[in-house]
Structures are given as C-alpha cells and as structure tokens.
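Below: one structure, written as structure tokens.
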Amino acid sequence: MKVLIVDDEQAMLLVMRRLLEKIDGIEIVGSFRTAEDALALARRETVDLAFVDIMIAGDNGLELARLMRAAQGTMEIVFVTSHSDFAYESFDVYPLDYMVKPISAKRLEQTITRAVARKAAYRTRVEPLAVKEDNEPIVKVIGLGGLEVSSTTVGRVKWRASKSLELLAYLLVHRERSVAQSRIIEDLFPDRTLKSAKDYLNTAMYQLRSALHQHGLKVEIVYANEQYRLRFEQFDADFIAFERYVAGLESIDSSNIEAALEWEARYAGDLFDNKHYIWAAAEQARLAEIYSQFAKQLIRWFLACRQSAQAIRIARKLLDRNELDEAAHALMLQIYAQMNDKWSIHKHYERISELYREELNMPVSDKLEQLYAQLL
C-alpha cells in the first residue's frame, strides 16, 4: 500500500514515518510539510492512503484532501489533528479515519488494517468488471432524449449529487479535449463565489470518480495545468456514437439501410433533453441539425424507393421536433403526392400556411407555394 504523509511539523513527519515503516506492506511514497508538494505528488503518482494534518501552517488540510481526491478518486484520506473537537462525519471528502495526536502504534495499525480491508473489498468488487472479453465499453451513457448512465454488469450508476452527473455530461460533451477549471466553474457553478465553486467542483469530481470506480473504471479523469480531460475509451455514449456514424455515412443504399434505421431510432430526443443544462444548448442545436439532415437523407431514399410508409414516419418525427422546418414540410408534401393523396396535400399545406401566419406573421415561401401547386 502506497502511503503519503502531510504535516507541517517535521517531528511529526519523522514519527509517522518510523511507525509506518514497521508495518508490513507499507511503501511511503512521500512526506511533505506543504500542501503544494503533496498535491504535486498526488497528481503524478498513485497514492492509496494519505495521512493529512487538518491544520497545515499556511494551508488548509481539508482543501488539500479535496484536491487530491479530485486527482485520484480511490485515494483514502485519514485526517490527523491535535484537536479532538472536529466532527469528521461532516467532512465532504469522506475520510477513512480521523486520528488525534499523539498517535500510538496500535491505533495506526488499526487504521492501516481498515484501509487494507477497504482496498481488498474494492478490488473484489471492481476488478472482474475492468476488462470484458469482447472489449466493449463498460459504461453506457444514454444522452439522447435524457441522461442515464449504466453498465451491463452493475446496472444504473447511483449518484450522490446531481452535479457529479452533470459534470460527467459536461466532460463527455468536450470529448477528450482539456477544459480549463475556470471554464467548468463558469458553466456549472455560475452563481457561486470562486472559492465556493472550487470546493463544489472538487467534491463533484470526487463523487464522479467514486461512482465510475464502482463500475470498473480506473482513474479516467486527467488533471494537469488547471485543466481537466476525460478519457472515455470505456464509455459508450450514444450521442458520440451517433455523430460518428452519420459522419462516416457517405450514402444510403440497400446494404446499409437497416443500420441507418437503427441509428435513426436511437435519436429519441435532443441531447440531455430533460436536464435543462444551459451550457449544453449549443451542442444540443448542433446535434439536432445533424439528426435533421440525416433524417431528410433517409426520407429521400425511401421516396426514391417508393416506400412511403417509412418516409412518412420519419417526416412526422422531424415535424414533431420542429414544426417550422420548411424542408421537412416540403418532404411531407412529396410523400403525400407519392401516395396519390391530394386531400392530405391540401390539408397539410393549409396547416403550414396557418402555422407561418400565427408563428412568424408571414406567408409560406414562394418555393413551398410552387411545390404545392406543382403537386396538385
């Protein structure tokens, strides 16, 4: 077990080191008197257990613990202090233990035993899930039409707070691009002070890491130069996969129409539809336009193949999503024409005219009017 010690008293560092060196299986990877040095190590090396003095001269031990947890979600924290009146249950970094100085060898061994047992239990729960024989991603993210995260082995991810789920969505939208901490704070915590926002971000990051670790994911959130980046090789996010599929689709033909229909059906709604994330508005609009163009491509193929029933289903879905989509209305008129249903052509055109008059206070375009006359 790799252990880190942080205390501003040199004598305490020496005492802790001597006590820990007598315990089998302990590897001390660092002992520091400042939060800055401890955090730097935590961001570059694996640490299983950290003993952190709450009252570090010039630094805040609680804040250090939050930052280290943001860097390594499975790191266990033991707070060490000279004061016995702290209520460790209230700390939002969820420490493994709370020790009051002076620390006896017996008390330290009890804490180490607890940490080893926690690590063993975690390994038993997680490691069988970490690699699947078919190399499929472990965590599935449904973002089209809502937001749900689950795995085939454990089931739905349980979130301690909604912000940790929102943080995952935010990082997934940015794919593997690094995002500045300041930008995340601005987008996710706009109404909080800078210090409060940083505290909430660190807590949300820790809760996110913890939730993902329960589903077999190792630390996949990289922090460097005050930027975060999510590595998502083990994620299967439907909105990312959808965009990749459409981008790689050169044309629709009989050989790929079934796959194309499956992807069209997977677009059950806009990105994170029921979450009202303001920061996601631009991405929602971009993906919606990708779907719209893909759906119209499908409709045109079905029209060419004279498969009106398939075409009309997708056209109705398009118009349910955007009733002012003129191109979708034009396609609907062409479908009715192919069905030789002049009554529906006329009624649909009347509906368009009324809609444009009520919503836009303008008549239909000349192009749509000419199409209507031509089809009749």
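Mind giving me the FRET efficiency for Met55 and Gln227? R0 is 35 Å, r the Cβ-Cβ distance, nearest 0.05 is fine. The formula returns an efficiency of 0.70 here. The C-alpha atoms of the chain define a longest principal axis, and helix 366-375 lies at about 60 degrees to it.
Give me the mean projected area, in nm² to one decimal, of the convex hull enclosing the Cα positions of the chain. Don't skip to the answer; put the middle values down first.
Details: hull surface 94.8 nm².
Seen from a random direction, the Cα hull of the chain projects 23.7 nm² on average.
Contact order for region 132-279, expressed relative to its length and based on alpha carbon pairs under 8 Å spaced 6+ residues apart, stands at 41 percent. Compute the signed sum of charges (Lys and Arg +1, Asp and Glu -1) over the other residues within less than 12 Å, Cβ to Cβ, of Leu319. Neighbour charge sum, excluding Leu319 itself: +2.
Rounded to the nearest 500 deg cm²/dmol, what is the calculated helix-only ellipticity per residue at 222 nm for the chain, with -39500 (n - 2.57) per DSSP H run of length n ≥ 4?
Numbers: 14 runs with 196 residues, N = 376.
It comes out at -17000 deg cm²/dmol, rounded to the nearest 500.
Shown here for region 282-339: GluC sites (Glu not before Pro) in loop regions (DSSP other than H, G, I, E, B) with at most 15 other Cβ atoms within 10 Å, namely Glu323. The lysine pair count for region 132-279, using Cα distances under 26 Å and pairs eight or more places apart or on different chains, is 17. Listed by chain and number, the aspartates and glutamates placed with their C-alpha closer than 13 angstrom to that of Lys22 are Glu109; residues fewer than eight positions away on the same chain are left out. Given +1 at the Cβ of Lys and Arg, -1 at the Cβ of Asp and Glu and no other charges, the dipole of the chain around its Cα centre is 700 debye to the nearest 20.
So how do Glu354, Glu109 line up by other beta-carbon neighbours within 10 Å, fewest first? Present the calculation step by step, with values, prior to reporting the outcome.
Details: Glu354 11, Glu109 14.
Neighbour counts put them in this order, fewest first: Glu354, Glu109.
Ranking Ala295, Leu64, Leu333 by Cα position along the charge dipole of the chain, where only Lys, Arg, Asp and Glu carry charges on their C-beta atoms, puts Leu64 farthest toward the positive end. Residue order for Thr113, Thr81, fewest other beta carbons within 10 angstrom first, comes to Thr113, Thr81.
Normalised by the number of residues in the chain, the mean separation of alpha-carbon contacts (under 8 Å, six or more apart) gives a relative contact order of 13 percent. Only beta bridges with both residues in the chain are counted; by DSSP, about 40 percent of them are antiparallel. Averaging Cα coordinates gives a centre for region 12-32 and one for region 255-334; these two points are 62 Å apart.
Computed from the coordinates by the stated procedures, all read-outs in this text should not be read as laboratory data. Since the structure is predicted, the reported quantities are computational estimates derived from the model, not experimental observations. When we count neighbours, we look across all protein chains shown, and the Cβ atoms used for this are built from the backbone with ideal geometry, even at glycine.
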